[in-house]
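The structure appears below as structure tokens.
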Amino acid sequence: MERTTTLELQKNKESMKRIFEEAWSKGNLEVLDEVVAPSFKQHQYDRPSTREGFKAIIQEVRTAFPDLKVTLEDSVAADDKVWMLVTCRGTHLGQFKGLRPTGRRFEITEVHIGRFENGKGVEHWGVSDMARLMEQLGVTK
């Protein structure tokens, strides 16, 4: 594998940051057409592993949590990957995974890894603290 230049690493970090700040936090799904390759594969969600499937996931989550805010806590880029630690906050105002709105607020931590080619995301892995989310929504204790 060819070494990634400092400029490419910065571009990859900026692209991943835009996914969280613009798509997840603001609902601007068009940004994904700019920073995610059409051949994109995601490995976190139970939906089609495509760029369009990723858009549908974001839309579904933003419908359940319309005030969703994702805050970047830390990030590291090396070779073709970017790792990000984020904090997600929001209010449960729409249906989510079969759960009717509770009106409760939540705050959880997530870790994400993105793989990039030519400045565009081609793969994504993520770990969300779903147990903590469900606890905060009052589903579990």
Okay, strands (runs of 3 or more DSSP E) sitting entirely in region 32-112 with 2 or more residues that are without any contact (Cβ under 8 Å) to a residue 12 or more places away in the chain, I get 69-78
Given the structure, is Phe116 outside any strand (DSSP E or B) and among the aromatic types (Phe, Trp, Tyr)?
-> no
Any idea which residue in region 1-31 is modelled with the highest pLDDT, counting only those that are farther than 19 Å from Pro66 by Cα and not in a helix (DSSP H, G or I)?
-> Thr5
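Per-residue answers, yes or no, for (1) under 18 Å from His112 (Cβ atoms); (2) within 12 Å of the chain's Cα centre (by Cα); (3) of a type in the set (S, T, N, Q):
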position: Thr6; (1), (2), (3): no, no, yes
position: Glu14; (1), (2), (3): yes, no, no
position: Tyr45; (1), (2), (3): yes, yes, no
position: Thr50; (1), (2), (3): yes, no, yes
In region 101-124, which residue that is basic (Lys, Arg) and over 11 Å from Leu137 (Cα atoms) is modelled with the highest pLDDT?
-> Arg115
Determine whether Ser75 is among the polar types (S, T, N, Q), modelled with pLDDT under 95, surrounded by 14 or more Cβ atoms within 10 Å (Cβ to Cβ) and closer than 22 Å to Lys17 by Cα.
-> no
Filtering region 105-141 down to residues that are closer than 19 Å to Gly90 by Cα and aromatic (Phe, Trp, Tyr) yields Phe106
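The values are calculated or read from the model by the stated rules, or taken from the named source; none is laboratory data. For clarity, every value in this text was computed on a predicted model and none was experimentally measured. Neighbour counts run over all protein chains shown; Cβ positions are idealised from the backbone, glycine included.
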